[in-house]
Amino acid sequence: MHKRLLVFILVALLQWFVPGLMIFKYESTLLSGKIFRFEIAPVDPYDALRGRYLWLSFKENTLQERADLKVTRGQYIYVMLKTDDHEFARFSDYALEPSRGKNYLKLQVQYNYNGKIGVEIPFRKYFVNETSASKAEIIYNRGARADSKSEAYVLVRVKNGNAVIEELYINGKPLPELIKAEMLQAQ
Amino acid sequence: MRLRDKHLRWLSKELPELVNQGVLDSSTSDKLLKYYGFHEAQSKRNLLLTIFSFIGAMLIGLGIMLLLAHNWDNFSRLVRTLISLAPLLASQLFAAWIIYTGRNSNSWRESVGVFYVCSIGSSIALIGQIYHVTSSAADFLLSWMLLVLPLVYLLKAGVAGVFYLLGLSFWTFCAEGERQNVVLYWVWLSLMSPYLWHLFKINRYRAQLTILNWALALSLTLSLGVILEDVLANGWMILYSALFSIFYMIHQFYFDNAVSSWQRPYRLFGTRGIIILSFIFSYEDVWNQVNRDFVHKFTTVSPFIMMPKLMVFLCILILWGYLFIQLLKRKESFRVLFVSLPIAASLSHVITFWSGPIIPLILFNMLLLIFGVCITLLGIRKEQLDLLNEGLLILLVLILLRFFDVDLGLMMRGIIFIILGAVFLGANWFVIKRRQKRQNA
């Protein structure tokens, strides 16, 4: 019986290891990762809210293929990041191995067409509370519309190829604050 | 003979006293309890208790989650993280208590098992949601399954085993979509096999093993096509013919003394699978695909992808071949014919490739006719209504399907329906009368 209990304790510790590792990785990225602002692209207003999260769409999601480094669909590449004049994140280059000292994301190639590589951004889901989901959708769609004058972006911390969303901003205000204000107004 | 519950309870209280006083010995006492259905009733009560405990545990867990979800936005990230991990800790404490105190009650093990399984998945999912980072569906499912697997061995919780087996099937669907190596399904499946073997050696008709067998049969049926999809082209016909034949033969060799039908999952999957496949193969459209896809798939899929899958395919055929030879030795000609579907499917592939689908169509329609007639006659001979009706149903469906393939007038169709209905009723009446006559004699 005690042998079985000992084995169980080891298993239980292992079961803590998985969420523990996740928390460590994400907290480490949030605490010491470099901040990048990813500009949100216009979305289909009927598709923004899937279940309990907003499906984010980004303007920066493609890069030019290098003549000396061909890639195929499904392949993982390391994409280097830089900031443009408006302080938004842009892809600068890519490689098959991570580069030391540079900020990069590990992304999967979605397509490669006519020298243009499309990549899957890993932080496309922004989870919202079910009770405020519909308000979040309205505010998000308003901010992300093509004709919108709003500035909509996601603040992302990047460290060692990992990226964690810090917050979603519309016109400089975080989405939870806007949702709260909207809900108070509605009451 | 069954007694009413209150009489059974009285009897179960009296018998130990009678044994103590030397009026009866303990083996007679056991025989009396068995004769009056005490163990059966107790087993049903235990099963009910297990089911209600399971439902109760699930409802409590869901209720707690809903309460927390309502106030989620008001919590800081730290508090949310702690709340996400709390069910995992609670379920681990419950499980440790069960193991430490040596409680063997099914209701405890299964209800803690279900709570534990849910808490593992919810903790991983909620952590991802808190940080707005989610892994792929396949990676999430695989992590969840592998963390659940130890519960099968340590808690001996059947629900964890069922969850693991069916979860693997969902993993194959997701992993195939994400271009992961789905052949690993066999590796993950083999991790559960020592436990299944252990249960089989103790008592192959035990309830937990029966439930796991149902889950295993379903998992294999769902996953096999996905795993071997891009190698197979039309090879799925041979693959699934072999799979269902294997199920049937496993039942015949290892589970044939099962008392009730719920203890025969492999028989159900095997027989239904073979019959349904035979009906599918009796259509021309299926064979018209053979020429187009077969060569194309074989020449376009990369060998690195194809080789492991081809090995799995061959292993299934070898297993089928081994069991088939064992069945041949028994000289049960109908059963041998029944599980010869892979041979028929393979031959039909070759014939279709060279000369079109006509011969396979005739072959499978003939097979269905033979299956229907033989099962009907078997039902009459054994006086088993379920077998009789199964055979008649096969014949009826065959006739109806071919019926709609040809142009017949309303009157002719009406006459045929009446004849079929009369045959159904007549055969059932005949078997019932014969059985009554035998019982009265």
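The residues of segment A:110-150 that are touching a strand residue (DSSP E or B) at 6+ places or on another chain (Cβ under 6 Å), assigned to a strand (DSSP E or B) and either within 14 Å of chain B (Cβ to nearest Cβ) or not charged (D, E, K, R) (or both), listed by number, are A:Gln110, A:Tyr111, A:Ile117, A:Gly118, A:Val119, A:Glu120, A:Lys125, A:Tyr126, A:Phe127.
Pick from A:Tyr111, A:Tyr169: which is buried (at least 17 other Cβ atoms within 10 Å of the Cβ) and among the aromatic types (Phe, Trp, Tyr)? Sole residue among the options that is buried (at least 17 other Cβ atoms within 10 Å of the Cβ) and among the aromatic types (Phe, Trp, Tyr): A:Tyr169.
Annotation: B:His198 fulfils all but one of (1) closer than 15 Å to B:Leu216 by Cβ; (2) at the interface with chain A (Cβ under 10 Å from one of its Cβ atoms); the unmet one is (2). What are the residues in segment B:85-100 that are at the interface with chain A (Cβ under 9 Å from one of its Cβ atoms) and over 19 Å from A:Phe17 (Cα atoms), if any? Those that are at the interface with chain A (Cβ under 9 Å from one of its Cβ atoms) and over 19 Å from A:Phe17 (Cα atoms): B:Ile99, B:Tyr100.
Residue count for segment B:120-143 satisfying the condition of being at pLDDT 90 or above and more than 9 Å from chain A (Cβ to nearest Cβ): 6.
Taking the listed residues B:Ala160, B:Ala175, the one that is more than 23 Å from B:Ala95 (Cβ to Cβ), among the aliphatic types (A, V, I, L, M), within 14 Å of chain A (Cβ to nearest Cβ) and not in a loop (DSSP other than H, G, I, E, B) is B:Ala175, with no other qualifying. Contact annotation: residue pairs with Cβ atoms under 6 Å, 6 or more positions apart or on different chains, pairing a residue in segment A:12-30 that is without any contact (Cβ under 8 Å) to a residue 12 or more places away in the chain and within 7 Å of chain B (Cβ to nearest Cβ) with a partner that is part of a helix (DSSP H, G or I) and of a type in the set (Gly, Ala, Ser), are A:Val18/B:Ser143; A:Pro19/B:Ser123.
Within segment B:67-84, the residues that satisfy the criterion of being at pLDDT below 85, in a helix (DSSP H, G or I) and within 12 Å of chain A (Cβ to nearest Cβ) are B:Leu68, B:Ala69, B:His70, B:Trp72, B:Asp73, B:Asn74. Being within 19 Å of A:Lys59 (Cβ to Cβ), under 18 Å from the mean Cα position of the chain (by Cα) and more than 14 Å from chain B (Cβ to nearest Cβ) is the requirement here; does A:Ala163 meet it? No; evaluated as a whole, the condition is false for this residue.
Against the numbered list (1) without any contact (Cβ under 8 Å) to a residue 40 or more places away in the chain; (2) surrounded by 14 or more Cβ atoms within 10 Å (Cβ to Cβ), B:Ile362 comes up short only at (2).
The set of residues from segment A:85-109 being within 14 Å of chain B (Cβ to nearest Cβ) and touching an Asp or Glu at 6+ places or on another chain (Cβ under 9 Å) comprises A:Leu107, A:Gln108, A:Val109.
The set of residues in segment B:339-386 that are touching a Gly at 6+ places or on another chain (Cβ under 9 Å) and among the acidic types (Asp, Glu) contains only B:Asp386.
The values are calculated or read from the model by the stated rules, or taken from the named source; none is laboratory data. All values derive from a computational prediction rather than experimental measurement. All Cβ positions, glycine included, derive from the backbone under ideal geometry; neighbour counts span all protein chains shown.
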